[in-house]
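Q: One structure is given below, represented as structure tokens, and several questions about it will come after.
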Amino acid sequence: GISELDGYWWRSISVEDNALPGGMSEIMNLLREGDGSNADNESLDVYLEHVVTKVDHTSDGCKVSYYIEGQPKKSQTMKGSVCLCTIPLGVLMGGAGDEKGDVAFEPKLSTEKQIAIQSRGISNLNFSLLRFDRPFWRDVDPGKTSWAWASPRSQCDRELGSDFEYYGGWLDITAFKEDDDHFVLASFWGSDRYWAESLSDQQLESKFVKSLERYYGKGNVPAPMGFKTTRWSMDTYARGSYSALWVHSTDEEWYSLARPESLSLYFAGEHTNYDGRYQSLDGAYNTGIREAERIAARPWNANVVSQRSDWLNNFAYSSGWSAADDDSSSERRALRQNHGAETKVKSDPKLYKVTRQARLGPKNDA
């Protein structure tokens with residue numbers, strides 16, 4: 001059986017899950033259009049279908065070379081005082097090669113940064129979506145929003161690359177936002193991506209419908225009105241879903257991935273999050289706030305921005321803090337000390353200080 005210690009790292013954090021009902025485009029639309037209710041949130045220039053090929057960075061500023069999608073021979077440049085790089089880890093792993101989507105840096109990224117990039121893995125998680133004209137599943141399971149099919153142990157093992165017959169579970173997406181249409185979401189991950197992403201939409205849709213029919217019975221699942229799926233590892237500008245850890249990965253790599261390369265080149269994204277929220281949307285958002293603070297402090301005190309996490313996750317693998325820093329119970333502290341949660345990354349005193357006064361300056365009470 002699974003003991004309390006076995007399940008320690010899988011304990012949930014006692015906060016509600018949140019979703020963007022309209023999808024990630026809501027964030028991009030807000031950036032592009034601005035927020036009419038907040039004068040501080042002005043509209044920004046958002047360029048779509050611009051393919052970046054190179055980033056030059058010096059202490060005086062940066063230059064980004066790019067071309068517009070479909071016109072690779074018409075290279076253009078854009079200059080600025082700072083470049084914040086949020087390129088996915090899968091693309092950074094490609095280096096400055098000749099593949100579409102590869103990005104070169106000049107000067108080249110530090111050896112420390114390159115080692116950190118290659119010392120991480122890439123997770124592969126894809127979602128498939130079916131659209132129906134009515135939520136037939138609510139007739140059978142009113143109030144439920146998610147389902148998982150538990151197969152017998154004898155059916156759990158498959159050879160790498162062998163076909164899976166059914167999706168393992170699904171989610172009622174419409175539960176987050178009522179709409180005239182109704183959607184259920186399923187996923188495939190891990191080794192399945194090696195062959196599943198190459199299947200046609202029609203083949204994957206058929207598997208999805210068969211999965212629903214296995215649960216609700218044939219004849220009880222109406223014909224879907226539409227189907228969509230992601231194929232992240234085949235996406236030139238993603239090359240995977242999000243970052244992952246290898247057996248040989250260490251906490252220190254998070255800090256190396258997050259560390260600026262110069263006064264004009266900074267890095268953000270879920271793969272640079274060192275407070276236990278890598279692979280997550282809010283973790284990626286957190287890194288943007290972190291780098292905005294760092295950039296706002298340049299050039300005179302950019303190097304005193306804290307490298308410690310402001311959000312204490314008692315269950316985080318990448319702790320970056322000691323047990324004495326938190327107010328958790330003595331039992332929990334002992335559990336963390338005995339089971340490896342005390343991995344401590346030494347902050348470079350030349351680059352980082354942790355006091356509020358050092359970060360923001362003395363408080364002006366006048």
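All of the numbers you see were taken from the coordinates with simple rules; none came from a lab. This one's a predicted model, so the numbers in the text were calculated from it and none came from an experiment. Heads up, the Cβs are rebuilt from the backbone with ideal geometry, glycines too, and the neighbour counts pull from every protein chain shown.
Q: Quick check on packing: order 241-248, 84-91 by the mean number of other C-beta atoms within 10 Å, highest mean leading.
A: 84-91, 241-248
Q: To the nearest 0.05, what FRET efficiency results for Met78 and Thr145 with a Förster distance of 45 Å applied to their C-beta separation?
A: 0.55
Q: Place the peptides 226-237, 42-53, 265-276 in order of packing, highest mean first, counting for every residue the other Cβ atoms within 10 Å and averaging per peptide.
A: Highest-to-lowest ranking by the protection proxy: 265-276, 226-237, 42-53.
Q: Considering only Cα-Cα distances, which of the following residue pairs are longer than 29 Å: Lys54/Lys177; Lys144/Lys210; Lys108/Lys228; Lys63/Lys100; Lys74/Lys228?
A: Lys54/Lys177; Lys108/Lys228; Lys74/Lys228
Q: Size of segment 169-220 along its principal axes in angstrom, Cα-based, largest extent first?
A: Here the Cα extents, ordered largest to smallest, are 34, 26, 18 Å.
Q: Give me the net charge of Lys228's neighbourhood, meaning all other residues with Cβ under 13 Å from the Cβ of Lys228; Lys, Arg count +1, Asp, Glu -1.
A: Net charge in that neighbourhood comes out at -1.
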